[in-house]
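Worksheet: the structure to be examined is printed underneath.
The values are calculated or read from the model by the stated rules, or taken from the named source; none is laboratory data. Here the structure is a predicted model, which means the values were calculated and not measured. No Cβ is skipped: glycine too gets one built from the backbone with ideal geometry, and neighbour counts run over all protein chains shown.
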Amino acid sequence: MINPISAQLLMPLQRDGNLLNLFGALESVAPELRHLCSVFARPSGMICDGLHIHLNSGSQRAARKPQVLSLSLLKLDDQRLMAVLSDVSEQVRRERQLRQNDAWLNALLTSITDYALVGLDSDGRVSEWNTTIERVTGHAESVVGRPYSVFYPDDATTPEQLRDRLREADQNGWSLKEGPSVRADGSQFWSSAMISPLPDRDPDTGAEAGANGLPDDGPAYCMVVRDISDKRDAIEKRHKAVFCDHLTGVGNRRAFFEAAELELNRNRRAPRPTALILLDADHFKRVNDRHGHPAGDAVLRHLGQLLTATFRQVDVVARVGGEEFAVLLPSSTLEGAAIVAERLRQLVAARPIVVDGVPIELTISAGIAASDGEQLQLDVLMKRADRALYAAKEQGRNRIACWTPPPSAHPDNPPPTRDV
């Protein structure tokens, strides 16, 4: 049974009107549902409460349609489930702002004595050294003049994202990031780092104005770095509950669409290359048919592990469908993304997974698209990558294909693809 309101919310996912099976209707946007139900051992109870399901890529044309659904799934008995669906698109936007506000207040009010106070110039370089920097990060005076990326692992950010945080601090009054940081000796710790612009700066150069009205050499930003390693477990647990795919351990659709929206908004303000990879496990239905769904789950977990091992910390790896994954690569060109995707393809083909003593060989197909400074909507970038993925499958699978426009292509014409 399904009521009219739920049917209306689900209709965009099932254009043929076939809403006989909830799992089938939501398979493309909530692939973890079957797994959540299969591992729920109690005879009755709440399987999930308020699970967020992202329906689309956030295009402007879809702004009037539901973008995020909330699903609560209750097991009544061995034969019956009850699902409650609601449109929470506006609520999610408000919650995102509240999370930022909460993080800001946390940064101000907790562990206030355990911090490194770092002055940054208008380009984000450390402008002066003090004992708090050495106490928290171990860096000596030689850190002066280096970009503040010195406090982060090599693959955790990009030069463009470093500049983005300065611009966001200018616009909002602050920019906060929680995640791994690195000390001078190479050891890592979990940090909260807030950047704020200093007052009385020259509006054009970003430098602080001196007594004569000209900018001096003082810092333009204040960066407060706190070691919050003692809170890491709680932070990661909370993050995984919201943004992690429960089966594979990579990001879920919510994590992907939120990160992609943020990155492409940054791209529009300050153009830079951004690449997207969509990939599928080849002939995955055969795996389920021959070896059973538990083996299929093991294959997806194996693929998730290889994806995590292949891509950078700054890349966004997510499961966006049953056996479909997406990887967003900030500051990456089409050619650069193709190199990494080919490395993954070879790795997957070379490492069959053994389930119950039976080796299962696996290959993947991938489609790649990139925005080289273009102001693209995410749905356009995803359509291009999806067409390239389709071409890779049509050409025999176990291969990588890139979307490339013809010299005089019209936006509405089907784009060509090329093999890697």
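Scan the stretch 353-370 residue by residue and report those that are of a type in the set (Ser, Thr, Tyr) and crowded, with 24+ Cβ neighbours inside 10 Å.
Taking the stretch 353-370 as the starting set, the residues that turn out to be of a type in the set (Ser, Thr, Tyr) are 363, 365.
If the condition is that a residue be of a type in the set (Ser, Thr, Tyr) and crowded, with 24+ Cβ neighbours inside 10 Å, then Ser365 is the only one that fits.
Results for (1) under 27 Å from Leu36 (Cα atoms); (2) hydrophobic (A, V, I, L, M, F, W, C); (3) in the same structural domain as Asp154 (by TED's automatic domain parsing); (4) in a loop (DSSP other than H, G, I, E, B), shown as yes or no for each residue.
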site: Leu262; (1), (2), (3), (4): no, yes, no, no
site: Leu278; (1), (2), (3), (4): yes, yes, no, no
site: Lys285; (1), (2), (3), (4): yes, no, no, no
site: Arg301; (1), (2), (3), (4): yes, no, no, no
site: Ala309; (1), (2), (3), (4): yes, yes, no, no
site: Gly322; (1), (2), (3), (4): yes, no, no, yes
site: Val327; (1), (2), (3), (4): yes, yes, no, no
Check: Does Glu374 satisfy the condition of being at negative phi, among the charged types (D, E, K, R), surrounded by fewer than 21 Cβ atoms within 10 Å (Cβ to Cβ) and outside any helix (DSSP H, G or I)?
Finding: yes
Checklist line | Which listed residue, of Asp233, Asp282, Asp289, is surrounded by 18 or more Cβ atoms within 10 Å (Cβ to Cβ) and either touching a Lys or Arg at 6+ places or on another chain (Cβ under 7 Å) or farther than 30 Å from Glu335 by Cβ (or both) | finding: Asp282
Item checked: Residue tally, condition at pLDDT 90 or above and out of contact with any His (no Cβ under 6 Å at 6 or more places or on another chain), over the stretch 245-254 -> 6
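Among the residues of the stretch 133-150, how many are in a helix (DSSP H, G or I) and over 16 Å from Ser196 (Cβ atoms)? Quick ask: steps written out before the conclusion?
First, pick out the residues of the stretch 133-150 that are in a helix (DSSP H, G or I): 133-137, 141-143, 148-150.
From what's left, over 16 Å from Ser196 (Cβ atoms): 133-137, 141-143, 149-150.
The total comes to 10.
Just checking, which of Ala25, Ala41, Ala30, Ala7 is at pLDDT below 80, surrounded by fewer than 16 Cβ atoms within 10 Å (Cβ to Cβ) and among the hydrophobic types (A, V, I, L, M, F, W, C)?
Exactly one of Ala25, Ala41, Ala30, Ala7 is at pLDDT below 80, surrounded by fewer than 16 Cβ atoms within 10 Å (Cβ to Cβ) and among the hydrophobic types (A, V, I, L, M, F, W, C), namely Ala7.
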Check: Only one of (1) out of contact with any Pro (no Cβ under 7 Å at 6 or more places or on another chain); (2) surrounded by 14 or more Cβ atoms within 10 Å (Cβ to Cβ); (3) not polar (S, T, N, Q) is not met by Glu335, so which one is it?
Finding: (2)
Next item on the list: Go through the residues of the stretch 70-86 one by one and say whether even a single one is at pLDDT 75 or above, surrounded by 12 or more Cβ atoms within 10 Å (Cβ to Cβ), of a type in the set (A, V, I, L, M, F, W, C) and in a helix (DSSP H, G or I).
Entry: no
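Could you list, in sequence order, the residues of the stretch 321-360 that are of a type in the set (Val, Ile, Thr) and in contact with a His (Cβ under 9 Å, 6 or more places away or on another chain)? Explain how you work it out, then say what you get.
Our first condition is that a residue be of a type in the set (Val, Ile, Thr); within the stretch 321-360, this holds for 327, 333, 339-340, 348, 353-355, 358, 360.
Listed by number, the residues that qualify are Val348, Ile353, Val355, Val358, Ile360.
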